[in-house]
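Visitor: Questions regarding the structure given below will be posed in turn.
The values are calculated or read from the model by the stated rules, or taken from the named source; none is laboratory data. Because the structure is a prediction, the values reported are computed rather than measured. Here the Cβ positions follow ideal geometry from the backbone for every residue, glycine too, while neighbour counts run over all protein chains shown.
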Amino acid sequence: MLAFMLSVYLVSHVHAEIKILEADSTYTIGDNDSKIDARRIATQEAKRKALELAGTYVESMSVVKNYQLTKDEVKSYAAGVLETEVVSEEMRGTTERPEIYIKTRCKIDTDVLTAQIDRYREDEDLKKQLDAFSKENDDLKKERDALVKQLAADKDKTDAAETRKKLGMVLSKEESNDDTKTVWVNIGSQLVEVDESGQEITKTDLDKSAVILQRAVQSNPQNERAQFMLASLYQKQGNYAEAEKRLRVAIQNHPRNPNPHLRLGVVLKDQGRYDAAIEEFHTVERLRPKNPMMLFYTGMTFKALNKCGKSAHYLNRFVNEVQSKKFPKKRERAIQTISECNGERPGRRRRLSRVDAATVQAWS
């Protein structure tokens, strides 16, 4: 039922190191298909083929070979930096067997790809989020294929209508993921504070991203990643009420994911709601005891509460957890805060400062 044609173009710009890849897909419209869904299916298949091409290309990069990544890891990392657009579509075939043809194009910036892979490899939670995103897309693809097959076999109009409804829901989830990935590729690292580059997101990018993410959560309210990123975007805009609302939805849907708890804690801290923030950070601690950002923000929040013993305890752990080259600004702030709390500059992991020892003894 599905026929695919594939063409690949690699265009290398000497300075920017940009690779352009194109993939196309043709879908034959059956008696029970709607033209709208046929287009959506062809688009998803063309995008999937583009991702496969991107994965093959990424595997061939010498810097990636040095990482000794698995095929699944390569696919996840490629998806994390790949933005795909539809560049052409047309109707083909005959009256009896109409077809819809879609061509997509994507580009890979090798410098961005390498930097993103380094980020994902250093941040366990981000990597798990990316892996989950890739797995969800694979599961949706299998579900869509099964529904397409079922739709072609349906003889009863009522059965066909029910199958189309289910197919439409699956396609909406796939499209929601596509929208989320578009924002992730463009401004994701700045939204989730993966690095400390200090780059500011322009108002134009914020507004555009807000529209895309709102469409993503409208298509699929269960899209945790979209809810999380939309909340981060609202936080950047200073809209704490809406940020909190989105994060609580994400937590309700996925209570054991530490990321929305951590972000909610930061949002609450920024509003001076320190006790509520501590509750969220402690939830993260139960789920990810060594999460560096949890340790940092917990320590800073205890400092705001004038609880220096607990503040130094968490900030000592933060500095011991991160390498000196990682989060240098936060590390500097942590060391300064420990000093203000009359703690000691952390040394080797096996030694606790006097403040730490007193805190541990008080908690034991």
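Visitor: Quick test for you: out of Lys71, Lys65, Lys75, Lys47, pick the one residue that is among the charged types (D, E, K, R) and touching a residue at least 60 places away in the same chain (Cβ under 8 Å).
Guide: Within the list Lys71, Lys65, Lys75, Lys47, the selection yields Lys47.
Visitor: I'd like to verify a number: residues in segment 285-321 that are over 22 Å from the mean Cα position of the chain (by Cα) and either of a type in the set (Asp, Glu) or in a loop (DSSP other than H, G, I, E, B) (or both), how many?
Guide: Total meeting the criteria: 4.
Visitor: Now a separate question. So which of Leu151, Leu113 is modelled with pLDDT under 95, of a type outside the set (D, E, K, R) and assigned to a helix (DSSP H, G or I)?
Guide: Leu113
Visitor: Given the options Leu147, Leu130, name the one that is crowded, with 16+ Cβ neighbours inside 10 Å and out of contact with any Lys or Arg (no Cβ under 9 Å at 6 or more places or on another chain).
Guide: Leu130
Visitor: Anything in segment 308-332 that is basic (Lys, Arg) and either crowded, with 17+ Cβ neighbours inside 10 Å or at pLDDT 95 or above (or both)? List them, or say none.
Guide: Lys310, Arg317, Lys330, Arg331
Visitor: Could you run through segment 58-80 and say how many residues are surrounded by 19 or more Cβ atoms within 10 Å (Cβ to Cβ) and not β-branched (Val, Ile, Thr)?
Guide: 7
Visitor: OK, next. Quick one: in segment 66-97, of everything that is out of contact with any helix residue (DSSP H, G or I) (no Cβ under 8 Å at 6 or more places or on another chain) and assigned to a strand (DSSP E or B), which residue is farthest from Ile187 (Cα to Cα)?
Guide: Within segment 66-97, the match that is farthest from Ile187 (Cα to Cα) is Gly93.
Visitor: Which residues, taken from segment 34-50, are of a type in the set (Gly, Ala, Ser) and out of contact with any helix residue (DSSP H, G or I) (no Cβ under 7 Å at 6 or more places or on another chain)?
Guide: Ala38, Ala42, Ala46, Ala50
Visitor: Related question: Return only the number of the condition from (1) within 16 Å of Val86 (Cα to Cα); (2) within 19 Å of the chain's Cα centre (by Cα) that Asp72 does not satisfy.
Guide: (1)
Visitor: Quick one: Gly265 ticks every box in (1) more than 25 Å from Ala231 (Cβ to Cβ); (2) buried (at least 24 other Cβ atoms within 10 Å of the Cβ); (3) not hydroxyl-bearing (Ser, Thr, Tyr) except a single one, so which number is it?
Guide: (1)
Visitor: Find all pairs meeting these conditions: Cβ atoms under 6 angstrom apart; at least six residues apart or on different chains; first residue within segment 275-287 and closer than 15 Å to Lys307 by Cα; second residue of a type in the set (Gly, Ala, Ser).
Guide: Partner pairs satisfying both residue conditions: Ala277/Gly265.
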